[in-house]
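Undergrad: What follows is a structure written as structure tokens; I'll ask about it next.
The values are calculated or read from the model by the stated rules, or taken from the named source; none is laboratory data. The structure displayed is predicted, hence computed values, not measured ones. All Cβ positions, glycine included, derive from the backbone under ideal geometry; neighbour counts span all protein chains shown.
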Amino acid sequence: MATLKEILTRRPVAATIRLTVPAGGARPAPPVGPALGQYRLNLMAFCKDFNARTQKYKPETPMSVTITAFKDNTFEFTVKSPSVTWYLKKAAGIESGSSRPGHVTASTVTLKHIYEIAKVKQSDPYCQYMPLESICKSIIGTAATMGIKVVKELD
Amino acid sequence: ESPYLSVRICCQKLALDMFSEALLCFGASSTSVDEHDNDADENSDKIYIDSIFPECKDVDECILNAANSIGLKEIPRYEVKMGEQCNWIKKAQESFHPVEVTKGLWIVPEWSTPPDVQATNIILNPGLAFGTCEHATTKLCLLLLRSLIKGGELFLDYGTGSGILGIAAIKFGAAMFVGVDIDPQVIKSAHQNAALNNIGPKKIKLHLVPDRTFTASMNERVDGVVEYLSSHEIRGISETEEYDVVIANILLNPLPQLADHIVSYAKPGAVVGISGILSEQLPRIINRYSEFLEDILVSEMDDWRSVSGTKFSPI
């Protein structure tokens, strides 16, 4: 819950921007350039900040970034590990989810995949106090909507 | 130069987060939701997402896949427009204003007039290279340079970006600056910035070097890199142990691997400065660089740190 002070001093927000940027690899060029430039945000400051803060990840891992651009051209951002859908796609070895979820299985992943993904996501901000089991259930749900089947083991 | 597609999509407010994430998964480069667009329609259950796609993407397919992957009942309506690079570059440049780093030292974008003509003014066209005056680490390095340069020094800027540190060094009285970077775009920018500050070719030399850092997957390429370096490096950059001041303002990951290399350029007793690091990354840098440097000093600004020390002299 925000404190009263926080609410009163909250800067007016211009926009919320989301993009995927490789860890340690932000450059003032697409996709960062067009996405941030149009709100007059300092591209170099974002790149430098983002690159320094993602040094602990494997280089080029696609990180999910959410940027809050304020009306005074300042900004804040949070970085999360790649989205669950990205990990599932990787684990299942497919490029896109099934176009008819529930009908055609695009591919399969194992429970071990689900568990590994859950462990990574648990270190994201806002997920730290969620029990691993809940995170796993949520990932299994996402897999279903993508038409990805979850099996115990691969043959 | 690199055109992109700007797509305005109308979707259900409730689906916003999941749909934005799905779009990014299936091909969008970025999504943004403007506050003012959506304020007017507080009672509406719809919201607009502005999404950017690379020109080559099949937007129809991407949106279809994204919608299906989260089980939307209807495919959201959308409108596709061509995006122009000049628009965002121009707007990004508008975020640069003259900045007073410390008393009497200003960084001024090329298109502004220096607020204090008497001060030391570094004119910059930041372009697409790193080295924004406003970043804490650049400021820390500028302050360090200011305290070190007395006149006539040879300065090596490892990771030169826009060339800002080298240009500052010359303005403070250094005799010459050599700038090194792994990005060819940077070499071009730094040359242009030097020219803006009337720094002639005798005082500045810029070199493109290969990215020497390697991760596990690059082990096979290490031999190749070492071979390249031994045949190119000696010819390209001045000999080791030549520089009075060496600064590397880059990032955490390459710094430990490059420690030997960076420090080798400094004369015994010369000062080496390291930055581009956050406070939690500091111990690792100090650990590594204390093998080569003594009298280590740390400066801080917000979450950022810089480290400087003197290279051990032979006993």
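Undergrad: Would you check if there is a residue in the stretch A:114-129 being free of Cβ contacts under 8 Å to residues at least 12 places away in the same chain, within 13 Å of another protein chain (Cβ to nearest Cβ) and outside any helix (DSSP H, G or I)?
TA: Yes: the stretch A:114-129 contains one or more residues that are free of Cβ contacts under 8 Å to residues at least 12 places away in the same chain, within 13 Å of another protein chain (Cβ to nearest Cβ) and outside any helix (DSSP H, G or I).
Undergrad: Right, next: What's the number of the condition A:Thr85 fails, among (1) within 28 Å of B:Glu280 (Cα to Cα); (2) buried (at least 20 other Cβ atoms within 10 Å of the Cβ)?
TA: (1)
Conditions tested, residue by residue: (1) assigned to a helix (DSSP H, G or I); (2) more than 18 Å from B:Ala270 (Cα to Cα).
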| position | (1), (2) |
| --- | --- |
| B:Thr137 | yes, yes |
| B:Leu142 | yes, no |
| B:Arg146 | yes, no |
| B:Ser162 | no, yes |
| B:Leu165 | yes, no |
| B:Phe177 | no, no |
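Undergrad: Another question, if that's okay. Please count how many residues of the stretch B:278-299 are assigned to a strand (DSSP E or B) and within 14 Å of chain A (Cβ to nearest Cβ). Talk me through it step by step, then tell me what you get.
TA: Taking the stretch B:278-299 as the starting set, the residues that turn out to be assigned to a strand (DSSP E or B) are B:278, B:293-299.
Narrowing further to those that are within 14 Å of chain A (Cβ to nearest Cβ): B:278.
Adding up the residues that qualify gives 1.
Undergrad: Does the stretch B:75-126 hold any residues that are over 25 Å from the mean Cα position of the chain (by Cα) and of a type in the set (A, V, I, L, M), and which are they?
TA: B:Ile75, B:Val80, B:Met82, B:Val117, B:Ala119
Undergrad: Continuing with this model, one more query. Please report, ordered by residue number, the strands (runs of 3 or more DSSP E) entirely within the stretch B:1-116 with at least 2 residues that are facing chain A (nearest Cβ under 8 Å) and among the β-branched types (Val, Ile, Thr). Write out each step before concluding.
TA: Working: elements: B:4-12, B:30-34, B:46-54, B:77-83, B:99-102, B:105-109.
The strands (runs of 3 or more DSSP E) meeting that bar are B:30-34.
Undergrad: Go over the candidates A:Pro59, A:Pro30 one by one and state the one that is in a loop (DSSP other than H, G, I, E, B), within 8 Å of chain B (Cβ to nearest Cβ) and under 27 Å from B:Tyr48 (Cα atoms).
TA: Details: A:Pro59 fails: under 27 Å from B:Tyr48 (Cα atoms).
Being in a loop (DSSP other than H, G, I, E, B), within 8 Å of chain B (Cβ to nearest Cβ) and under 27 Å from B:Tyr48 (Cα atoms) holds for just one of A:Pro59, A:Pro30, which is A:Pro30.
Undergrad: Only one of (1) facing chain B (nearest Cβ under 7 Å); (2) surrounded by fewer than 20 Cβ atoms within 10 Å (Cβ to Cβ); (3) assigned to a strand (DSSP E or B) fails for A:Ile17. Which number is that?
TA: All conditions pass for A:Ile17, except number (2).
This table checks each residue for (1) assigned to a helix (DSSP H, G or I); (2) in contact with a Cys (Cβ under 9 Å, 6 or more places away or on another chain); (3) outside the structural domain of B:Val245 (by the TED database); (4) surrounded by 16 or more Cβ atoms within 10 Å (Cβ to Cβ).
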{"residue": "B:Ala168", "(1), (2), (3), (4)": "yes, yes, no, yes"}
{"residue": "B:Val186", "(1), (2), (3), (4)": "yes, no, no, yes"}
{"residue": "B:Ala190", "(1), (2), (3), (4)": "yes, no, no, yes"}
{"residue": "B:Ala194", "(1), (2), (3), (4)": "yes, no, no, yes"}
{"residue": "B:Asn198", "(1), (2), (3), (4)": "no, no, no, no"}
{"residue": "B:Pro201", "(1), (2), (3), (4)": "no, no, no, no"}
{"residue": "B:Leu206", "(1), (2), (3), (4)": "no, no, no, yes"}
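Undergrad: Still on this structure, I have one more. Within the stretch A:45-55, identify whether any single residue is within 7 Å of another protein chain (Cβ to nearest Cβ), in contact with a strand residue (DSSP E or B) (Cβ under 9 Å, 6 or more places away or on another chain) and of a type in the set (Ser, Thr, Tyr), and answer yes or no.
TA: Checked against the condition, which is being within 7 Å of another protein chain (Cβ to nearest Cβ), in contact with a strand residue (DSSP E or B) (Cβ under 9 Å, 6 or more places away or on another chain) and of a type in the set (Ser, Thr, Tyr), the stretch A:45-55 yields no hits at all.
Undergrad: List the residue pairs whose Cβ atoms are under 7 Å apart, where the first residue sits in the stretch A:30-59 and is under 11 Å from A:Phe75 (Cβ atoms) and modelled with pLDDT under 90, the second is among the charged types (D, E, K, R) and assigned to a loop (DSSP other than H, G, I, E, B), and the two are 6 or more positions apart or on different chains.
TA: A:Arg40/B:Glu94; A:Asn42/B:Glu134; A:Ala45/B:Glu134
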